[in-house]
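**Student:** If you scroll down you'll find the structure; I have some questions about it.
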Amino acid sequence: MDKYDMIAEFYDLWTKDYKVDIPLWLEYAEKCGSPVLELACGTGRVLLPLAQKGFEITGVDISEKMLEKTKEKIKKEKDDVQKRITLTKGSMIDFDLNKKFNLALIIFNSFQLLLTQKEHDFCLSCVHKHLNPNGKLIVSAFYPDLTRPEGVLKNDRDKPIPDYPEKGDLTEILYYQFFDHAKQITDIRFILDTVKLNGGLKRREFDLKLRYFFPAELERILISNGFEIEEFFGSYDKSKFTGKSPLMILVAKRK
């Protein structure tokens with residue numbers, strides 16, 4: 001199974017309470033206006049709230065299962081919301097939508113799924129081509145904490161997820177990570193442990209690699225691909241970026 005398709009199985013459970021970023025994306029959608037483009041839109045966590053607020057939005061994702069889950073959610077929306085949404089299966093580094101946008105979003109660490117400079121350039125070239133003059137791009141990425149211990153099993157949830165994947169099951173999502181400092185890649189191993197109703201245990205594992213960036217480096221990548229940095233935040237409350245910030249949120253204008 002493709003790693004992104006596997007993530008799609010539990011993505012909504014993993015992120016269902018994560019809404020802290022939505023007001024910021026809505027704010028910039030208000031400033032820029034429709035249409036909006038979201039790359040790596042996943043299961044519609046951000047795409048749907050924007051459409052519900054009246055914005056025309058196109059979502060691109062490489063995972064068929066992610067898009068299937070998004071389509072299931074869209075069917076439950078009112079007709080006017082459904083009409084504002086367009087979904088496209090495709091890669092962030094090679095897409096042609098034959099349409100221009102006022103705002104593009106590559107958020108929730110999605111840009112970090114691209115591991116090489118060539119992929120960064122291909123992606124941003126596509127985005128640049130799809131933005132209207134003075135259109136804006138927002139990229140959000142985690143700020144690397146290289147002091148975090150490697151190989152230590154972690155669980156970010158207080159208790160197991162009930163009734164997943166089947167009624168009566170209890171599932172824990174665990175992970176550990178290692179750093180490749182030369183390539184600036186963090187290699188994360190996810191472990192899904194499910195205790196079945198009959199007492200059996202099922203374990204599934206998969207790896208995910210993410211490229212980590214440093215602030216000046218991420219700025220340079222955007223500037224070298226035809227963007228002008230307008231704002232640089234360290235959190236969703238728009239506080240100024242510092243060395244202790246958890247995030248890097250860059251708002252850039254197409255030149």
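**Student:** Hey, among LYS99, LYS159, which residue is basic (Lys, Arg) and closer than 28 Å to PHE178 by Cα?
**Tutor:** After ruling out the rest, the residue left standing is LYS159.
**Student:** What do you reckon, is PHE95 under 25 Å from SER235 (Cα atoms) and either over 15 Å from the mean Cα position of the chain (by Cα) or in the same structural domain as THR186 (by TED's automatic domain parsing) (or both)?
**Tutor:** no
**Student:** Please work out which one of (1) closer than 30 Å to LYS253 by Cβ; (2) of a type in the set (Gly, Ala, Ser); (3) over 23 Å from the mean Cα position of the chain (by Cα) is the condition ALA182 fails and give its number.
**Tutor:** For ALA182, the exception is condition (1).
**Student:** Residue by residue through segment 1-32, note down the ones that are in contact with a strand residue (DSSP E or B) (Cβ under 6 Å, 6 or more places away or on another chain) and small (Gly, Ala, Ser).
**Tutor:** Scanning segment 1-32 gives a single hit, ALA29.
**Student:** State whether one or more residues within segment 109-121 are outside the structural domain of ASN198 (by TED's automatic domain parsing), closer than 23 Å to ALA40 by Cα and touching a Gly at 6+ places or on another chain (Cβ under 9 Å).
**Tutor:** Taking every residue of segment 109-121 in turn, at least one turns out to be outside the structural domain of ASN198 (by TED's automatic domain parsing), closer than 23 Å to ALA40 by Cα and touching a Gly at 6+ places or on another chain (Cβ under 9 Å).
**Student:** Related question: Filter segment 158-187 for residues that are of a type in the set (Val, Ile, Thr) and at pLDDT 95 or above; which is farthest from PHE10 (Cα to Cα)?
**Tutor:** My answer is ILE185.
**Student:** Inside segment 74-115, can you point out the residues that are free of Cβ contacts under 8 Å to residues at least 12 places away in the same chain and either assigned to a loop (DSSP other than H, G, I, E, B) or buried (at least 21 other Cβ atoms within 10 Å of the Cβ) (or both)?
**Tutor:** The answer is LYS75, LYS76, LYS78, ASN98.
**Student:** Can you pull out the strands (runs of 3 or more DSSP E) entirely within segment 145-255 that have at least 1 residues that are more than 30 Å from ASN102 (Cα to Cα)?
**Tutor:** 170-180, 185-195, 201-211
**Student:** Tell me whether segment 221-235 contains one or more residues that are under 26 Å from TYR176 (Cα atoms) and at pLDDT 95 or above.
**Tutor:** Yes, there is a match, as at least one residue in segment 221-235 is under 26 Å from TYR176 (Cα atoms) and at pLDDT 95 or above.
**Student:** Look through GLY44, GLY54, GLY59 and report the one residue that is touching a residue at least 12 places away in the same chain (Cβ under 8 Å), in a loop (DSSP other than H, G, I, E, B), buried (at least 19 other Cβ atoms within 10 Å of the Cβ) and not aliphatic (A, V, I, L, M).
**Tutor:** GLY44
**Student:** Another question, if that's okay. Can you name every residue in segment 186-212 that is aliphatic (A, V, I, L, M) and either more than 18 Å from PRO149 (Cβ to Cβ) or crowded, with 17+ Cβ neighbours inside 10 Å (or both)?
**Tutor:** Residues satisfying the conditions are LEU192, VAL195, LEU197, LEU201, LEU208, LEU210.
**Student:** What tally of residues in segment 62-73 results from selecting those that are in contact (Cβ under 8 Å) with a residue 40 or more places away in the chain and crowded, with 21+ Cβ neighbours inside 10 Å?
**Tutor:** Of the residues in that region, 2 qualify.
The values are calculated or read from the model by the stated rules, or taken from the named source; none is laboratory data. No experiment lies behind these values; they were computed from the predicted model shown. Counting neighbours? That spans all protein chains shown, and the Cβs are built from the backbone with ideal geometry, glycine included.
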